[in-house]
Amino acid sequence: MNRDWWHEPLHYWSQALGFHYRIRHISTGSELGPFAVGTWWQQGDQWCIALDTDHFACLSGLVDDTRLRDALSWTLLQAAGQTEKQNKDLWAAKVCERCGQWGQQSVPDLVHLLSNPDGLRAAWQGQTATSLVGARLEGRLVWLHWSWRESSGEELATADEPLRTVVEAYQPHTWLGPVDTSAGIRSALLWWPPVIDLMDLQQQLSELLGVVEEDAMVFAQASAGQSAEDVSDWPQALLTTVLAWHQRSWLDSSPRVWCWGQRPVLQLFQALPTSVWQSFLDGALQDSQTDCGDWPEEWRITLHGILAANLNVSEAARLLYLHRNTLLNRIERIRERTGYDIRRFEDAAVLWLVSAITRQMEIETGRTAVAHQ
Amino acid sequence: MARVQLVKIAKRYSGDVLAVNDFNLDVADKEFVVFVGPSGCGKTTTLRMIAGLEDITEGDLFIGERRVNDVAPKDRDIAMVFQNYALYPHMTVYQNMAFGLKLRKMPKVEIDKRVRDAAQILDIAHLLDRKPKALSGGQRQRVALGRAIVREPKVFLMDEPLSNLDAKLRVQMRAEIRKLHQRIQTTVIYVTHDQTEAMTMGDRIVVMKDGIIQQVATPQEVYSNPTNLFVAGFIGSPAMNFFRGELAEDGGVVRFRAPEVNLRIPEGRYPALRQAGVVGKSVVLGVRPEDMHNDEVFLSTYPEAIVDLNVEVVENMGSEIYVHSTVGGQNMVARVAARYDMHPGSRAKLALDMNKVHIFDGETEAVVPHHVAEAVASR
């Protein structure tokens, strides 16, 4: 690990904000610390920030603004996180702590993102500097994923180039940086300019994926997080981008663009701990003769058809290309086995929730969720 | 120019969800083939497997003579056009059309020639300096097509390219794409959920449901001789009318019986019905709206093939009228000539053209062929 890793971010910041800094060593027997990287304390009229267990920086001339200190912590943690796994975890924990409990599923991705792209760091610093000089640079993070099929003799690094070119051609100055590859999947973070509303964002990202497929010829998907107005919103912007990406696993259908805020029901699910999911399943399936994991595929299709047809059986039969009587038979079989008549809104909603939660629990725990009877 | 062969193609997603199964198709060079089916039937997944945007779980895919399962999309010599006709908003039409070629590092002179040629074909040469926001929906769609044409690919893959257009423009663009195909003479695989689009555009259509091919044939063949109940109901607008009932034989005469329906089956169809083993069993009788007539000639020719109904809704289409009714609890539509005075609440008699009705096995939903020879041939 480069022991001087903090010099670059501190220098950048001191230039941007006009403060001076001095690196100090925490002497043996000192009452100071140990502090986690990025922790602030005050000594006289100076603010000090911990760099590692042995070093801290004293800053003179730094404006007394919590936001600025948070921002500098972020930058230092980001820099530290690139060299030390422990700090990556700390970084992610900080984001998670800020944003509340959102389940463990997103944490590995957060750690991965936070510790990975140079682009994110550069953008963060650029954003921070812009913000500090009074300009407002609004936008949101977009996490672009694409599948990668290797042609013989082709390098991954060169394979990213057409995609980056396409993205920049569609929306200039958005590319922040690529994220590590895993199992044929590549991803990159983009900084997307403000949009009118979520529909507008959805439309723009769908078009982006269209040109990516047509010109870069790769299959791509994207998630977009909550809009950020300044650097203090970045943790939330990043977290919600990751959470939006994880909403994919909740639904049977597979849209290719996931915008945070478009599916509030899924946000609610994501905010609930697994124990609440299990409790819901226990109650919902207590009279059922069939665990959700054992439902025939045609039941799920039937349920989705009925919901898509606003509980209208004739319309659902038309949508599903079934004879009405065939559909009625299926509905009756579902009622007999589960106790729920999906022609009623409440019953259909319960089974939809059961289906979605079971699916998610299978993904998260690798096991089939069953009612504890 | 290329032939495209799909041999026992399957696509399985995690969780063992089978999106496409046992898909066999041979698309001839320069052929225009349309995949049609309801949403979720696997048509787009199949197209994307051909494009290389989805992995193939099982089976072999050939473009030309080359197996391309493991070939990157950019090396398959294909071009794609999608529903959202994505264009680069900051570029002119010319730049939009040239961009894909620039990415491939093609010489400028060649790019210029191809762009101008394609613009000529699509009649958008006067729009080359405009940006997408200054174009109408139809013009944007032409530019999207132009972006594909300039590549001069072996195969065009089109995924619902007209879905974002309004109804009138869609009809116009259908014809434009057909004309374009005739002009550039390239293999086209086209996906749509719209059966009218499929019927009017394809040399052959591939009807799909639940990831499985239901029928591959020319539009007329699919319309006239559907292989099963699904195809019969999916193709045709208004859809084919179905009556669920049973075939009963009484004194050497086979009759179809359902609530409020009692129809004599023509003798010529007995051998095939007997061979299929459906006499005395539950069947579905299908009749197209245009095969139900209220002319005196038909009523007198088929006195034992008449349904008596209460007219519920009349849709006047100008040249003809659609008569909606309910017979034996089953919805029904008939197309009759506009000269007849039909109005809601009135009674009407309609004779079914029994030589054109379709009979489907009540259990398997497969069609019972009209003739024994067909029955033998189909086995």
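The values are calculated or read from the model by the stated rules, or taken from the named source; none is laboratory data. Everything quoted here is computed from the prediction, not taken from an experiment. We place every Cβ from the backbone using ideal geometry, glycine too, and count neighbours over all the protein chains shown. For accessibility, only protein heavy atoms count, side chains too; no ligands or nucleic acids. Shrake-Rupley method; radii C 1.70, N 1.55, O 1.52, S 1.80 Å.
Being touching a Lys or Arg at 6+ places or on another chain (Cβ under 9 Å) and not in a helix (DSSP H, G or I): is that true of residue A:287 here? No, not satisfied. Within the span defined as segment A:335-352, every residue fails to be open to solvent by 50 Å² or more (accessible area, probe 1.4 Å), closer than 22 Å to residue B:41 by Cα and within 14 Å of another protein chain (Cβ to nearest Cβ). Within segment B:271-304, the set of residues being more than 14 Å from chain A (Cβ to nearest Cβ) and touching an Asp or Glu at 6+ places or on another chain (Cβ under 8 Å) comprises B:272, B:276, B:278, B:279, B:280, B:281, B:287, B:291, B:292, B:293, B:298, B:302.
The single residue among B:318, B:277 that is of a type in the set (Gly, Ala, Ser), more than 16 Å from residue B:351 (Cα to Cα) and over 28 Å from the mean Cα position of the chain (by Cα) turns out to be B:277. Of all residues in segment B:290-302, those that are buried (at least 19 other Cβ atoms within 10 Å of the Cβ) have Cβ atoms under 8 Å from Cβ atoms of residues that are in a helix (DSSP H, G or I), 6 or more apart or on another chain, in B:293/B:299.
Number of residues in segment B:93-107 that are more than 8 Å from chain A (Cβ to nearest Cβ), touching a helix residue (DSSP H, G or I) at 6+ places or on another chain (Cβ under 7 Å) and closer than 19 Å to residue B:125 by Cβ: the value is 6. For segment B:254-261, the count of residues that are charged (D, E, K, R) and without any contact (Cβ under 8 Å) to a residue 60 or more places away in the chain is nonzero.
Apart from one condition, residue B:143 fits all of (1) surrounded by 23 or more Cβ atoms within 10 Å (Cβ to Cβ); (2) touching an Asp or Glu at 6+ places or on another chain (Cβ under 7 Å); the exception is (2).
Among the residues making up segment B:281-301, a single one is part of a loop (DSSP other than H, G, I, E, B), at pLDDT below 95 and either more than 18 Å from residue B:342 (Cα to Cα) or hydroxyl-bearing (Ser, Thr, Tyr) (or both): B:281. Screening residue B:328 on (1) within 16 Å of residue B:263 (Cα to Cα); (2) in contact (Cβ under 8 Å) with a residue 60 or more places away in the chain; (3) touching a His at 6+ places or on another chain (Cβ under 7 Å) shows it passes everything except condition (3). Listed by position, the strands (runs of 3 or more DSSP E) enclosed by segment B:1-109 include none that has at least 3 residues that are surrounded by fewer than 22 Cβ atoms within 10 Å (Cβ to Cβ), touching a residue at least 12 places away in the same chain (Cβ under 8 Å) and of a type in the set (Asp, Glu).
Where residues in segment B:100-124 are among the hydrophobic types (A, V, I, L, M, F, W, C), out of contact with any Ser or Thr (no Cβ under 8 Å at 6 or more places or on another chain) and modelled with pLDDT under 95, which of them is farthest from residue B:152 (Cα to Cα)? Among those that are among the hydrophobic types (A, V, I, L, M, F, W, C), out of contact with any Ser or Thr (no Cβ under 8 Å at 6 or more places or on another chain) and modelled with pLDDT under 95, it is B:124. When segment A:236-257 is limited to residues that are within 24 Å of residue A:74 (Cβ to Cβ) and aliphatic (A, V, I, L, M), the one that is surrounded by the fewest Cβ atoms within 10 Å (Cβ to Cβ) turns out to be A:237. Mind checking whether some residue in segment B:76-92 is more than 11 Å from every other protein chain (Cβ to nearest Cβ), within 24 Å of the chain's Cα centre (by Cα) and not small (Gly, Ala, Ser)? No, because not a single residue in segment B:76-92 is more than 11 Å from every other protein chain (Cβ to nearest Cβ), within 24 Å of the chain's Cα centre (by Cα) and not small (Gly, Ala, Ser). Picking from residues in segment A:151-184 that are open to solvent by less than 50 Å² (accessible area, probe 1.4 Å) and away from chain B (no Cβ under 14 Å), the one that is modelled with the lowest pLDDT is A:179.
Per this entry, residue B:312 is counted among residues that are at pLDDT 90 or above, touching a strand residue (DSSP E or B) at 6+ places or on another chain (Cβ under 9 Å) and open to solvent by 50 Å² or more (accessible area, probe 1.4 Å).
Only residues that are assigned to a helix (DSSP H, G or I), within 35 Å of the chain's Cα centre (by Cα) and away from chain A (no Cβ under 14 Å) were counted across segment B:110-143, and they come to 16.
Once segment A:195-235 is narrowed to residues that are surrounded by fewer than 20 Cβ atoms within 10 Å (Cβ to Cβ) and touching a Gly at 6+ places or on another chain (Cβ under 8 Å), the residue that is nearest to the other protein chains (Cβ to nearest Cβ) is A:198.
So is residue B:208 of a type in the set (A, V, I, L, M, F, W, C), in the same structural domain as residue B:81 (by TED's automatic domain parsing) and within 30 Å of residue B:286 (Cα to Cα) or not? In short, yes. When the residues of segment A:277-326 are filtered to those that are in contact with a His (Cβ under 8 Å, 6 or more places away or on another chain) and over 26 Å from residue B:329 (Cβ atoms), the one that is least open to solvent (accessible area, probe 1.4 Å) is A:278.
Rundown of residues vs (1) of a type in the set (D, E, K, R); (2) over 27 Å from residue B:79 (Cβ atoms); (3) out of contact with any helix residue (DSSP H, G or I) (no Cβ under 6 Å at 6 or more places or on another chain); (4) at pLDDT below 95, yes/no style:
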{"site": "B:185", "(1), (2), (3), (4)": "no, no, yes, yes"}
{"site": "B:200", "(1), (2), (3), (4)": "no, no, no, yes"}
{"site": "B:207", "(1), (2), (3), (4)": "no, no, no, no"}
{"site": "B:219", "(1), (2), (3), (4)": "no, no, no, no"}
{"site": "B:226", "(1), (2), (3), (4)": "no, yes, no, no"}
{"site": "B:229", "(1), (2), (3), (4)": "no, yes, yes, yes"}
{"site": "B:238", "(1), (2), (3), (4)": "no, yes, no, yes"}
{"site": "B:242", "(1), (2), (3), (4)": "no, yes, yes, yes"}
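Looking at segment B:161-182, which of its residues are within 14 Å of chain A (Cβ to nearest Cβ) and open to solvent by 20 Å² or more (accessible area, probe 1.4 Å)? Within segment B:161-182, B:163, B:164 meet the criteria.
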